[in-house]
Amino acid sequence: MFQRRDSAQGKAEFVCIEDLVPGDHLLRQVEKHIKFSFIYERTKELYSDIGRPCLDVVVLFKMMLIGYLYGIRSERRLEQEIKVNVGYRWFLGLGLTDAVPDHSTISQNRRRRFKGSHIFQEIFDEIVCQAIESGLVGGDQLFTDSTHLKASANRNRREVVEIEQSPRDYLEDLERAVSEEREAHGQEPLKENRSKGSGKRPIKKSLTDPESGYICRERKGEGFYYLNHVTTDGRHNIITDVHVTPGNVHDSVPYLERLDYQIENFSFVVSGVSLDAGYNTAAICKGLSERGLFGVIPHVRTRRKGLKIQKRHFKYIEKEDVYLCPAGQQLRYRTTNRAGSSEYVSDPNVCCQCPRLRECTESHNKVRVITRHVWQKYREQIRRNILTSYGQYLRQKRRETVERSFADAKELHGLRYARYRGLKSVTEQCLMTAIAMNIKKVARHLCYFILSSLKNLFLIPKCRQYFRFQAT
């Protein structure tokens, strides 16, 4: 029967806010399984002992957490959403008529009180520790990759400046290995490199956000970006490390340092790691081998245009320290440069008589040069790891873990663009996004485990239907 419902906005009702929030609401799960009391001890030193009472720091953090959980990018909008959302009010401990803290409270605390501190990194580490205590983190399989985060900067407002290149940590070991390689072949050691890789190089610097990095890569766009390096655990895809660098920093630069940080900070016993092809450098392969880790890094073949005979067609004979070409000629050692590449050259008198000369080299002196890094054996070990069944498992698992975390962070939590400017502020955004994602996973997994155990206790069908729970 057709009917019309009268408006009831002005009707007074006696309700309890506890009854208005559904039992399976995400924020109820978070409140039940996540402990926020540690924030008081971590932030106590940031507040003064005198003056007006401050806003409860846990309430402040929960407000920020709501914004990152539900992808609310604006703090002004976050304040408005909390005013009208009963679930948000319940999570913050506010009544239906209580005043919501002003949005400027969040921004001013971030700009003033939390500036220069490591509070967001400490909160992130504590959430990871809670996940470890709950059995959601194994620490034996780690997957690392990086994703570009578009900076809040106009790519046309830029200038070209020269910066000092910071020396790499592995340069001393590389110089030692080069000296040993040259000495083994009866050559004089190279002259001392005074610059140690700290020469100047020109870069494009943003006038809007000077700490961002300019990139121009295929399928990555052109402009100023930040690079978010993320490591996830293989058990339940919990994020265990977040590190932000300018977009023009190579993926492999901070990896080994961040890996050691996780092993030391969380006492991980790592057995296998899987990385993207961008991490396939000789220094990374050597670092993994020295740490006794089973590394899996895809190999990208480089092809010389116009040549059918590539480097992979040459076979290296370790006992004789020579390369054997497809025609049977031996390429012998010539020298080792400062970059760590040993050169093996062919005999031009033999090459000029080879019928496949044009398919092998385009040099005027009819010489084919093959380079081999002094740490090539570590790269070959990594390549052999990929061929094993465990290596294939780790390679496939990386796509299901860290790649999925990037998709969720960008689509659900607003990490496609940088909200703020400056490396510290962007790092805060990435850490808070990772905290929200970890809290969400921990709460839902623990709730699922509890309900699964309860379902096994009841045999009555009606009870089974009552405790039905679908994990997302």
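The values are calculated or read from the model by the stated rules, or taken from the named source; none is laboratory data. Bear in mind that the values here come from a model prediction, so they are computed numbers and not experimental data. Every residue, glycine among them, receives a Cβ derived from its backbone with ideal geometry; neighbour counts consider all protein chains shown.
Within region 340-375, the set of residues being aliphatic (A, V, I, L, M), without any contact (Cβ under 8 Å) to a residue 40 or more places away in the chain and under 26 Å from Cys285 (Cβ atoms) comprises Val345, Val369. The set of residues in region 87-104 that are surrounded by fewer than 17 Cβ atoms within 10 Å (Cβ to Cβ) and outside any loop (DSSP other than H, G, I, E, B) contains only Ser104. Remark: Tyr261 falls outside the filter, which requires a residue to be modelled with pLDDT of 90 or more, farther than 23 Å from Asp169 by Cα and in contact with a strand residue (DSSP E or B) (Cβ under 8 Å, 6 or more places away or on another chain).
Residues that are outside any strand (DSSP E or B), touching a Leu at 6+ places or on another chain (Cβ under 7 Å) and either buried (at least 20 other Cβ atoms within 10 Å of the Cβ) or not assigned by TED's automatic domain parsing to the domain that holds Asp145 (or both) within region 235-261 comprise Ile238, Gly247, listed in sequence order.
Taking region 383-426 as the range and being touching a residue at least 40 places away in the same chain (Cβ under 8 Å) and β-branched (Val, Ile, Thr) as the test, the residues that pass are Ile386, Thr401, Val402, Val426.
Those helices (runs of 4 or more DSSP H) of region 315-424 in which 2 or more residues are hydrophobic (A, V, I, L, M, F, W, C), modelled with pLDDT under 95 and in contact with a helix residue (DSSP H, G or I) (Cβ under 7 Å, 6 or more places away or on another chain) occupy 376-386. Restricting to region 6-27, name every residue that is touching a residue at least 60 places away in the same chain (Cβ under 8 Å) and either in a helix (DSSP H, G or I) or basic (Lys, Arg) (or both). Selection gives Ile17, Glu18, Leu20, Leu26, Leu27.
Of all residues in region 40-85, exactly one satisfies the criterion of being among the aliphatic types (A, V, I, L, M), surrounded by fewer than 13 Cβ atoms within 10 Å (Cβ to Cβ) and in a helix (DSSP H, G or I), namely Val84.
When Gly278 is tested against (1) in the same structural domain as Glu180 (by TED's automatic domain parsing); (2) out of contact with any His (no Cβ under 9 Å at 6 or more places or on another chain); (3) not in a strand (DSSP E or B), exactly one condition is not met: (2).
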